[in-house]
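These notes are about the structure you will find just below.
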Amino acid sequence: MSDRRRWAVVITATVFLVALCLRPALTAVGPVLPRIGADEGLGESAQGLLAALPLLAFAAASPLVHFASRRFGMERTVLISLLVLAVSSIARSYTGEAGLWIGTIVIGASIAVGNVLVPVILKRDYASHVSRATGIYTAFITGGAALASIVAVPIADAADWRLSLAVWGGLALLAALVWLPRSVGASPVVVVESQEAPSVSVWRQPMAWLVTGFMGLQSTSFYLLVNWLPTIEISTGISERTAGVHVFLFQGFGLIGGLMIPRLMKNPVSQRAGAVTASIPILVALLGLLLAPGLAVLWAIIAGLGQGAALVAALTLISLRGRTHHETAQLSGMAQSVGYLLAATGPVLAGTLTEQTGTWTPALITFATLSAVQVVLGFTAGRPRP
């Protein structure tokens, strides 16, 4: 391999470093959420709202990302988002109560850029290996998320929760520096697709709504667990540190699930097997937390395998169901806008139900039911295309 070819491969692979930055600013919150609540005087409902704000920002910003990428180009748009993520991660911790809320919103909006554009970049750069590249991309996402979860409490113990959240701004800044060569000289001009490309808006396509529903429900259960699993376990007598380890296992086994599921998503015609297989463990884990909470570590592992696989399944469906790069970008924006709007209700609804009833049982029943619906959507969205 020539030096130029080797350098091109390295530059192309930097997209995976971007993936590493897309979750730590969010998953570091769950293990220290009780400390944030105690320090800032936030009840369960307010804590749930704080956890949901990034998802609301995802929903609001995702449809706009497509326009920004047309104006500045995908590479430059990603670079700007990484820089904003770095600044807002620090501002969230050290600019007072207002900064906590505003910084959280800005963090969500900046991460939305990567959520929308990276699947499009993967489809462009790894056209013949979309499912495999998506699995690797998801492994980096879940790896970063897992790392943030496991070190959040130790950093908070050594310093405070503010540093445990702010530290991830440094990772985003590093990723921006590595990404810089891709954005320098990148053209903002969008390549014109074939005139035969379908012009029907994705918002009018039934399949797009099925993919969006699947994306939304898998995100709903993920953000429920990543934010509330430590609190759920602590309510059953498990220590804060042990609960943090379980969240790490949840994230870590998500990496394994994400790397395994592409084998079932490789079929370019039907992805039913992969979408359903990825969804069932989430349902099993939520029922397990409800019926046998003493086996929390087992349910965390099973849920992690399902969540990692389900994210790969959702992103692969977005990539494969989009028939052009333009349509893929539209579908990605739609699925992540509507999907994350649905997901944003998860932490808030769970916190409200628990605050009103004094138990996690109603919340777990509700989200187990939604996971059953996800199985059905996976079977339908993964069906063979006409």
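The values are calculated or read from the model by the stated rules, or taken from the named source; none is laboratory data. The model shown is predicted, which means the values in this text are computed figures rather than measured ones. Cβ atoms come from the backbone with ideal geometry, glycine included; neighbour counts cover every protein chain shown. Side chains included, ligands, DNA and RNA excluded: accessible areas come from the protein's heavy atoms. Shrake-Rupley method; radii C 1.70, N 1.55, O 1.52, S 1.80 Å.
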* Structure fact -> Between the alpha carbon centres of the stretch 113-182 and the stretch 264-312 the gap in Å comes to 22
* Among 236-242, 334-340, how do they line up from the highest to the lowest mean number of other beta-carbon atoms within 10 Å? -> 334-340, 236-242
* Structure fact -> Rounded to whole Å², per residue accessible area for the stretch 237-375 with a 1.4 Å probe reads 37
* Structure fact -> Sorted largest first, the C-alpha extents of the stretch 1-182 along its principal axes in whole angstrom are 57, 34, 26
* Asked: Placing +1 at every Lys and Arg Cβ and -1 at every Asp and Glu Cβ, with all other atoms neutral, what dipole size does the chain have around its Cα centre, in debye to the nearest 20?
  -> 1460
* Can you give the net charge of the other residues whose Cβ lies under 15 Å from the Cβ of Phe140, counting K and R as +1 and D and E as -1? -> +1
* Structure fact -> For the stretch 199-385, the Cα convex hull volume per residue in Å³ comes to 99
* Mean projected area in nm² (Cα convex hull; one quarter of hull surface) for the chain -> 18.2
* Can you give the net charge of the other residues whose Cβ lies under 12 Å from the Cβ of Arg35, counting K and R as +1 and D and E as -1? -> -4
* To do: Just check the stretch 297-347 against the gyration tensor rule for me: Cα atoms, a ≥ b ≥ c as the square roots of the eigenvalues, rounded for a/c under 1.5, and otherwise prolate or oblate depending on whether a/b exceeds b/c.
  => oblate
* Please list the non-local residues whose amide H lies under 5 Å from the amide H of Gly382, H modeled 1.01 Å from N, same-chain partners needing a gap of 5 or more. => none
* Over the chain, what percent of the accessible surface lies on carbon and sulfur atoms, probe 1.4 Å? -> 70
* Compare the Cα positions of Gly308, Ile150, Leu349 along the charge dipole of the chain (+1 at Cβ of Lys, Arg; -1 at Cβ of Asp, Glu; about the Cα centre) and return the one farthest towards the positive end. => Gly308
* 15 Å beta-carbon shell around Ala278, net charge (K/R +1, D/E -1) -> +3
* Asked: Where in the chain are the DSSP H helices whose alpha-carbon span along the long axis reaches 18 Å or more and whose Kyte-Doolittle mean is at least 0.0?
  -> 44-72, 74-94, 96-125, 130-158, 168-183, 206-235, 240-260, 272-291, 296-321, 325-357, 361-381
* Dipole of the chain (Lys/Arg Cβ +1, Asp/Glu Cβ -1, origin at the Cα centre): which of Ala28, Val118, Ser89 lies farthest to the positive side? -> Val118
* Springs between alpha-carbon atoms under 10 Å, Gaussian network over the chain: tell me which of Leu311, Leu342, Leu370 tops the mean-square fluctuations. => Leu370
* Structure fact -> Expressed in nanometres to one decimal, the distance between label points 7 Å along Cα→Cβ at Leu298 and Thr357 is 2.3
